[in-house]
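Engineer: Here it is, the structure, as structure tokens.
The values are calculated or read from the model by the stated rules, or taken from the named source; none is laboratory data. Source: prediction; values computed, not measured. Here the Cβ is made from the backbone with ideal geometry for all residues, glycine too, and neighbour counts use every protein chain on show. Side chains included, ligands, DNA and RNA excluded: accessible areas come from the protein's heavy atoms. Shrake-Rupley method; radii C 1.70, N 1.55, O 1.52, S 1.80 Å.
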Amino acid sequence: MRWFRHAATTALWLLFTNFAPSSAAIYDQYSDLPKGKEYDFIIAGGGTAGLAVANRLSEDSAFNVLVLEAGTSSIGVFNITVPFFSTRTMLQYDWNLTTTVQPGLGDRQLFFPRGFILGGSSSINGMFYTRGSADDFDRFAAVTGDNGWSWDNVQQYFALNEKLVSPAGNPSTTGKFNPEVHYYDGAVDVSLPSFSPDFDSKVLDAVDELGGVYSYNEDVNSGSPLGLGWLPRTIDSEGRRSSSVTAYLDGSRDNLDILVNARISRVIPTSNEVNSTARHSFRTVEFTQDIAKGTLTQITALKEVIICGGVVGSPQILLNSGIGNSTTLLASGVTPLVDLPSVGQNLSDQAFIANAFLANTTDSYDDINRNDTVSAEALAEWLGKDGKPEDFRGAGQLGDTFANQISYYRVGKELTEKYGDLSAGPTSPHLEIYPGNGYFLTPPPTGYYMSMTTVVVSPGSRGSITINGSNPFTPPIINPGYLTADFDIAAMKEALRIVYTFLNASVWDTYVLEPPAGLPSISDFFDMDARDLDAQLETYIRNSTASSAHPVGTVAMSAKGASYGVLDPDLKVKDVDGLRVVDASAFPFVTCSHTQVPVYVFAERAAALIKNSWQG
Ligand SMILES: Cc1cc2nc3c(=O)[nH]c(=O)nc-3n(C[C@H](O)[C@H](O)[C@H](O)COP(=O)(O)OP(=O)(O)OC[C@H]3O[C@@H](n4cnc5c(N)ncnc54)[C@H](O)[C@@H]3O)c2cc1C
């Protein structure tokens, strides 16, 4: 079924999306793809990176590009368009993956969110626009020996990706960002918050009162994120989500086809090489549109296969294909073809706790998440008074995400001396904390909350993704190893100390009523015996830590010729031909940020490198 048929069934909501209808071909069935058409590039996974790469490659009309995506089309899916409803879509359009039992978390198993829909995680994420630090990219350049990854050299890719626009309703943004470090002509709409509750001024008053490490940072995306600043989001000027679908799926191209509901099992060396001992060229992709029946289809790219399956999907596809640790592959019943032991290793996620404090207010967003009447009122405000397209205005809380500011901190010297400095460099944080005017996701039935979410953005813990036998469609074994590095628990304790000092500012005196279950009140926190407090924090952290949804590193790049790593700095899989991996799995370290913007940078640079390889 081609794209226009999807559009017909969702015409109303298309009026509310920023996707330009056109002749883009999104097919539900392989049999509907144009007969006899050959593809120069096959992109395995139509997520954040996948659609960005597809867009840039198909800019050249000489290249035919096919994207294979396991999920369904996201075009016209209403909840995805409404930014604040990300609190719902995060659970709705998801792969529903679970980690192994986590010893660092009191043997809990965690939900491990990943987008299962066209646009991948960019269709369901929280839309925070954070680039990371200059040190993050300079570290990528240093570990790969490729200066093309340095902060200065990737500016051109931030520029291709970012289109800073006015927020919905055009509120003043003066002093909330540094215009000189932003870009205005890229693909993804980015804006500052449009709706500012009184809570925002309390946050800024606390910063004024406390100063020091809490100082105001005019722009946390300048390369130097330390301090507290306003948070740009991937939301357009009419209060709608900007994703890789809305930003990069340029449908006016006959040379770009997208097949949804296509679950890739593996990549295969081109047929004349399967039994050869020569270097393999993995240009054939195998997939199914019916897991129950198990019917498999193979399609071969003329030039390259670019795997963009994300931090779980990409290593799973490689391992299913016999690319990985030969010994463990054999034990799993998969014939090893290329011995690359780092595939699936180095899984790094940031530990995350959404600390919710009961607050003396009724002006939080909690009712939207628990009361259908309030939610409907907020929706009416977002839609415009009659819900007619011409009245559309994207106003109110629903045109925003769940945080308006974000802050970054370094841990104290005591920790860096004890554990080493795990940040990317001296101007990079170890910790992220963001205030939210409500409970994260669904609140309890009564009470109003403020959240102070704490994240260890330079984790020491590492884990792995391994396949669970030879059935390529069995969910893989995901072990992020949360809080297995002592640094991470010590750093999270420090994050909580920073939160309590922040909440000790006078502006919160009558505002904060109760701490999260398991944590002391603000006054007790400062009066408690240090060892008792430490023990209480440790228990709370192990019981409360969740995934930040920022896992990376399972198909990491390293220097050419390195004895570890999976990709060369140009994102080609080592020791084979015809195959690259472009997504969050390629990061050698997690950036000190949320990860979508760095993923887009990887996609933009990868596309430039690929074009450079193939354009005459
Ligand atoms: C709930 C959530 C909230 C987040 N919030 C933020 C945020 O606010 N800001 C931020 O910067 N980052 C955020 N992130 C992280 C960020 O969105 C991701 O790091 C980034 O989008 C990952 O991009 P990717 O291309 O690596 O993977 P994805 O975007 O996940 O794309 C992978 C694609 O491959 C497909 N796929 C996988 N396996 C197969 C297969 N076998 N066959 C076919 N297709 C396959 C998937 O369905 C998916 O579409 C969030 C992530 C999640 C999940």
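Engineer: Considering only segment 493-533, how many residues are outside any helix (DSSP H, G or I) and either under 33 Å from the mean Cα position of the chain (by Cα) or touching a residue at least 60 places away in the same chain (Cβ under 8 Å) (or both)?
Structural biologist: Final tally of qualifying residues: 13.
Engineer: So is residue 555 in a loop (DSSP other than H, G, I, E, B), hydrophobic (A, V, I, L, M, F, W, C) and either closer than 26 Å to residue 341 by Cβ or more than 16 Å from the ligand (Cβ to nearest atom) (or both) or not?
Structural biologist: Working: in a loop (DSSP other than H, G, I, E, B): yes; hydrophobic (A, V, I, L, M, F, W, C): yes; either closer than 26 Å to residue 341 by Cβ or more than 16 Å from the ligand (Cβ to nearest atom) (or both): yes.
It is true that residue 555 is in a loop (DSSP other than H, G, I, E, B), hydrophobic (A, V, I, L, M, F, W, C) and either closer than 26 Å to residue 341 by Cβ or more than 16 Å from the ligand (Cβ to nearest atom) (or both).
Engineer: A follow-up question, please. Here is a list: 238, 218. Which entry is acidic (Asp, Glu), farther than 30 Å from residue 117 by Cα and open to solvent by 60 Å² or more (accessible area, probe 1.4 Å)?
Structural biologist: Details: 238 fails: farther than 30 Å from residue 117 by Cα.
Only one candidate qualifies: 218.
Engineer: Among the numbered criteria (1) among the charged types (D, E, K, R); (2) free of Cβ contacts under 8 Å to residues at least 24 places away in the same chain; (3) crowded, with 24+ Cβ neighbours inside 10 Å, which one does residue 572 miss?
Structural biologist: Result: residue 572 fails condition (3) only.
Engineer: Next up: When residue 69 is evaluated against the numbered criteria (1) in contact with a helix residue (DSSP H, G or I) (Cβ under 6 Å, 6 or more places away or on another chain); (2) near the ligand (Cβ under 9 Å from one of its atoms); (3) not aromatic (Phe, Trp, Tyr), which criterion, by number, is the only one it fails?
Structural biologist: Here residue 69 meets the rest and fails (1).
Engineer: If you don't mind, there's one more thing I want to ask. Can you tell me which residue within segment 302-339, out of those that are within 26 Å of residue 67 (Cα to Cα) and more than 16 Å from the ligand (Cβ to nearest atom), is most open to solvent (accessible area, probe 1.4 Å)?
Structural biologist: 302
Engineer: I'm checking my understanding of the structure. Among residues of segment 96-118 that are within 7 Å of the ligand (Cβ to nearest atom), in contact with a Gly (Cβ under 9 Å, 6 or more places away or on another chain) and part of a loop (DSSP other than H, G, I, E, B), which one is farthest from residue 539 (Cα to Cα)?
Structural biologist: Our first condition is that a residue be within 7 Å of the ligand (Cβ to nearest atom); within segment 96-118, this holds for 113-118.
Checking which are in contact with a Gly (Cβ under 9 Å, 6 or more places away or on another chain) leaves us with 114-118.
So of that shortlist, the ones also part of a loop (DSSP other than H, G, I, E, B) come out as 114, 116, 118.
Working: 114: 28, 116: 33, 118: 39 Å.
The selected residue is 118.
Engineer: Next question. Counting only residues that are more than 9 Å from the ligand (Cβ to nearest atom) and of a type in the set (D, E, K, R), which one in segment 558-595 is farthest from residue 432 (Cα to Cα)?
Structural biologist: So the residue we want is 577.
Engineer: While we're looking at this one, here's another question. Of the residues 291, 299, 268, which is out of contact with any helix residue (DSSP H, G or I) (no Cβ under 9 Å at 6 or more places or on another chain), open to solvent by 10 Å² or more (accessible area, probe 1.4 Å) and under 19 Å from residue 580 (Cβ atoms)?
Structural biologist: Working: 291 fails: under 19 Å from residue 580 (Cβ atoms); 299 fails: out of contact with any helix residue (DSSP H, G or I) (no Cβ under 9 Å at 6 or more places or on another chain).
268 is the lone residue from the list that is out of contact with any helix residue (DSSP H, G or I) (no Cβ under 9 Å at 6 or more places or on another chain), open to solvent by 10 Å² or more (accessible area, probe 1.4 Å) and under 19 Å from residue 580 (Cβ atoms).
Engineer: Yes or no: residue 192 farther than 30 Å from residue 413 by Cα, within 16 Å of the ligand (Cβ to nearest atom), open to solvent by less than 30 Å² (accessible area, probe 1.4 Å) and in contact with a His (Cβ under 7 Å, 6 or more places away or on another chain)?
Structural biologist: Numbers: farther than 30 Å from residue 413 by Cα: yes; within 16 Å of the ligand (Cβ to nearest atom): yes; open to solvent by less than 30 Å² (accessible area, probe 1.4 Å): yes; in contact with a His (Cβ under 7 Å, 6 or more places away or on another chain): no.
For residue 192, the condition - farther than 30 Å from residue 413 by Cα, within 16 Å of the ligand (Cβ to nearest atom), open to solvent by less than 30 Å² (accessible area, probe 1.4 Å) and in contact with a His (Cβ under 7 Å, 6 or more places away or on another chain) - is not met.
Engineer: In addition: So which residues in segment 207-219 are in contact with a strand residue (DSSP E or B) (Cβ under 9 Å, 6 or more places away or on another chain) and farther than 12 Å from residue 409 by Cβ, if there are any at all? I'd like the intermediate steps shown before the answer.
Structural biologist: First, the residues of segment 207-219 that are in contact with a strand residue (DSSP E or B) (Cβ under 9 Å, 6 or more places away or on another chain): 207-208, 213-219.
Selection gives 207, 208, 216, 218, 219.
Engineer: Consider residue 92 against the criteria (1) more than 10 Å from the ligand (Cβ to nearest atom); (2) at pLDDT 85 or above; (3) surrounded by 21 or more Cβ atoms within 10 Å (Cβ to Cβ); (4) not charged (D, E, K, R): it satisfies all of them except one. Which criterion is unmet?
Structural biologist: Here residue 92 meets the rest and fails (3).
Engineer: Hey, residue 166 hits all of (1) of a type in the set (Ser, Thr, Tyr); (2) open to solvent by 20 Å² or more (accessible area, probe 1.4 Å); (3) near the ligand (Cβ under 10 Å from one of its atoms) but one; which does it fall short on?
Structural biologist: Answer for residue 166: the failing condition is (3).
Engineer: While we're on this one: For residue 440, are the conditions met, namely being in contact (Cβ under 8 Å) with a residue 24 or more places away in the chain, in contact with a strand residue (DSSP E or B) (Cβ under 8 Å, 6 or more places away or on another chain), buried (at least 24 other Cβ atoms within 10 Å of the Cβ) and within 22 Å of residue 89 (Cα to Cα)?
Structural biologist: On the way: in contact (Cβ under 8 Å) with a residue 24 or more places away in the chain: yes; in contact with a strand residue (DSSP E or B) (Cβ under 8 Å, 6 or more places away or on another chain): yes; buried (at least 24 other Cβ atoms within 10 Å of the Cβ): no; within 22 Å of residue 89 (Cα to Cα): yes.
Considered against the rule, which asks whether it is in contact (Cβ under 8 Å) with a residue 24 or more places away in the chain, in contact with a strand residue (DSSP E or B) (Cβ under 8 Å, 6 or more places away or on another chain), buried (at least 24 other Cβ atoms within 10 Å of the Cβ) and within 22 Å of residue 89 (Cα to Cα), residue 440 comes out as no.
Engineer: With open to solvent by 10 Å² or more (accessible area, probe 1.4 Å) and either within 20 Å of the chain's Cα centre (by Cα) or of a type in the set (Gly, Ala, Ser) (or both) as the only criterion, which of 211, 227, 251 stands out? Show your work before the answer.
Structural biologist: On the way: 227 fails: open to solvent by 10 Å² or more (accessible area, probe 1.4 Å); 251 fails: open to solvent by 10 Å² or more (accessible area, probe 1.4 Å).
Checking each option against the conditions leaves just 211.
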